[in-house]
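> Before we start, here is the structure in question, set down as structure tokens.
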Amino acid sequence: MTTDSLRSGPGANGRTSRDRARLPVRAHLPACGVAAASGVPVLDVVVPVYNEEKDLRPCVLRLHDHLSRTFPYAFRVTVADNASTDSTPAVAAALAAELRGVRYVRLEEKGRGRALRTVWSESDAPVLAYMDVDLSTDLNALLPLVAPLISGHSDLAIGSRLARSARVVRGSKREFISRAYNLILRSSLAAGFSDAQCGFKAVRSEVAERLLPMVEDSGWFFDTELLVLAERAGLRIHEVPVDWIDDPDSTVHIVRTATEDLKGVWRVGRALAVGALPLDRLARPFGDDPRDRALTGVERGLARQLVGFCVVGLLSTLFYLALYSLFRLGVGPQLANGGALLVSAVANTAANRRLTFGVRGRDGAVRHQAQGLVVFAIGLALTSGSLAALGAATGSPSHSTELAVLITANLAATVLRFLLLRAWVFPARACPEPEPDSEDVR
């Protein structure tokens, strides 16, 4: 079996230009015996180091022993030296000569991200991982970390010290910094993963091949940026609760690292906001996601559409009430209601078209607005009829009473509006047939 057959990445032989435009379908990697016969390791664990002459040897010996005893696939341990100035290179070279499956790579520039990018880009292993040299994370989490990648279940995997079942021993200062940083990621970049900074991560090689060129950072922010881009592209990230003990002798400069991380958050957030990143390159082929499949009798996207419709509806209602109050200063209630409803209806149709039902481009936009105006007319009839009934019943109602009646009428109109938009204006389109992979036609 060749290296390309082990690596399911887009660079493998026999791929067409269309295939290289997307990630392949995730698949279970070959069994242990097949992988071992090819001479290519299934897992390549990178240990980035800088001036770690004291901790490097015990770290690699412990890691190598653990993998030899417990890991059921062929593996490699790669020591990535970030321009160390002490005896780290000599220690790493001695380990590579002494232990089978250990290699040493020297870089002349510092940066953990640079080391990972270099080694991962050149590795022939289908699963790539890294861990900090202090081995703060219990190694019993290594197999659970990479198993979902080997099986084809997930694209990336991370160790989490902030998961509910994680067991962590560290000082209050580092605990606060870690939680604050992850809170910043959640609030500014909408990150869904729980722990960006744990030095215990893995990725499938075909994902790394596409993802690494998009990651700009070469230092400590590297893996955070990697995770954010992967998550925004819709890739699956598996989290493993870990047992973790803080290293009191860590050489990480907290203030400088935090400053660089915040700069990275700003840079990535700005790039995502303007659409400067080609995240579509990380898309899986149609049909890889179960949500792509048309199922008889199952409403597709209903929950997501309801959420989007409710958000748009809430904002539209506030916009409508503000317009009504403004128009009411100069005209009667019927004219104020009609004008406010007309303007908000156009905005509501445009927002629902894009945000709720995912319709992009200009095709059909005029028709959709025309149909939206029909829906508007129905809403106008409901609200105007409510105002007319109120006037007939009370003669001269107060402004607050008018608003209360209008809110009630709009709630009824909202339910009808969603049904009409979903069934008539933006009906569900038939799922396109998936394109066959190049292997299917050979």
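> Take the Cβ-Cβ distance between Thr70 and Ala423 as r, set R0 to 41 Å, and report the resulting FRET efficiency rounded to the nearest 0.05. Present the calculation step by step, with values, prior to reporting the outcome.
Working: r = 56 Å, r/R0 = 1.37.
For Thr70 and Ala423, the calculated efficiency is 0.15.
> Can you give me the solvent accessible area of Ser154 with a 1.4 Å probe, rounded to the nearest 10 Å²?
Its heavy atoms expose roughly 0 Å² to the probe.
> Using a/c under 1.5 as the rounded threshold, could you call segment 106-232 rounded, prolate or oblate? The axes a ≥ b ≥ c are square roots of the C-alpha gyration tensor eigenvalues, and prolate needs a/b larger than b/c, oblate otherwise.
Note, shape of segment 106-232 comes out rounded.
> A further question follows. Given the peptides 271-278, 202-209, arrange them by the average over their residues of other C-beta atoms within 10 Å, most packed first.
Per-residue Cβ counts within 10 Å, averaged per peptide and sorted highest first, yield 202-209, 271-278.
> When the Karplus curve 6.51 cos²θ - 1.76 cosθ + 1.60 is applied with θ = phi - 60°, which whole-Hz ³J(HN,Hα) does each residue of segment 142-152 get, with x for Gly and Pro?
Taking θ as phi minus 60°, the curve returns 5, 5, x, 5, 8, 4, x, 7, 5, 6, x Hz for segment 142-152.
> Right, another one. Probe radius 1.4 Å, ligands and nucleic acids ignored: give me the carbon and sulfur share of the accessible area of segment 323-363 as a rounded percent.
65 percent
> Just to confirm my numbers, what's the Cα centroid distance between segment 325-347 and segment 381-411 in Å?
Spelled out, the Cα-based centre of one part sits 14 Å from the other.
> Continuing with this model, one more query. Just how far, in whole angstrom, is segment 177-241 from segment 108-133 if you go by their alpha carbon centroids?
About 15 Å separates the Cα centre of segment 108-133 from the one of segment 177-241.
> Where the accessible area of segment 109-203 is counted over protein heavy atoms with a 1.4 Å probe, how much of it, in %, is carbon and sulfur?
The C+S portion of the solvent-accessible surface of segment 109-203 is 53 percent.
> Residues with amide H under 5 Å of Val240's amide H, sequence separation 5 or more or different chain, H placed in the peptide plane at 1.01 Å from N; which?
Correct list: Ile158, Gly159, Ser160.
> Let me ask something else about it. Rounded, prolate or oblate: pick one for segment 166-238, where a ≥ b ≥ c are the square roots of the eigenvalues of its C-alpha gyration tensor, a/c under 1.5 means rounded, and failing that, prolate if a/b is larger than b/c, else oblate.
Note, shape of segment 166-238 comes out prolate.
> What number comes out for accessible area per residue over segment 60-140 if the probe is 1.4 Å? Units Å², please.
40 Å²
> Note down the nm distance, to one decimal, between modelled labels 7 Å out along Cα→Cβ at Leu416 and at Glu122.
Distance between the two pseudo-spin positions: 7.0 nm.
> Rolling a 1.4 Å sphere over the protein heavy atoms, what is the accessible area per residue of segment 346-416, to the nearest Å²? The partial results should precede the final answer.
Values: 3770 Å² over 71 residues.
Value for segment 346-416: 53 Å² per residue.
> Might you tell me the accessible area per residue for segment 161-234, computed with a 1.4 Å probe and given in Å²?
That works out to 41 Å² for each residue.
> Oh, and also: Taking θ = phi - 60°, what integer Hz values does the Karplus form 6.51 cos²θ - 1.76 cosθ + 1.60 yield along segment 233-246, in sequence order, with x for Gly and Pro?
My calculation for segment 233-246 gives 7, x, 6, 8, 10, 9, 10, 10, x, 10, 9, 9, 10, 5 Hz in order.
> Moving on to the next point. Taking 56 Å as R0, compute the FRET efficiency from the Cβ-Cβ separation of Thr401 and Ser172 and round it to 0.05.
0.50
> With a 1.4 Å probe and every protein chain kept in, tell me what percent of the accessible surface of segment 377-423 is carbon plus sulfur.
With neighbouring chains kept in place, the figure for segment 377-423 is 74 percent.
The values are calculated or read from the model by the stated rules, or taken from the named source; none is laboratory data. Model, not experiment: these values are computed from the prediction. Backbone-built Cβ (ideal geometry, glycine too); neighbour counts: all protein chains shown. With ligands, DNA and RNA removed, areas are computed over all heavy atoms of the protein, side chains included. Shrake-Rupley method; radii C 1.70, N 1.55, O 1.52, S 1.80 Å.
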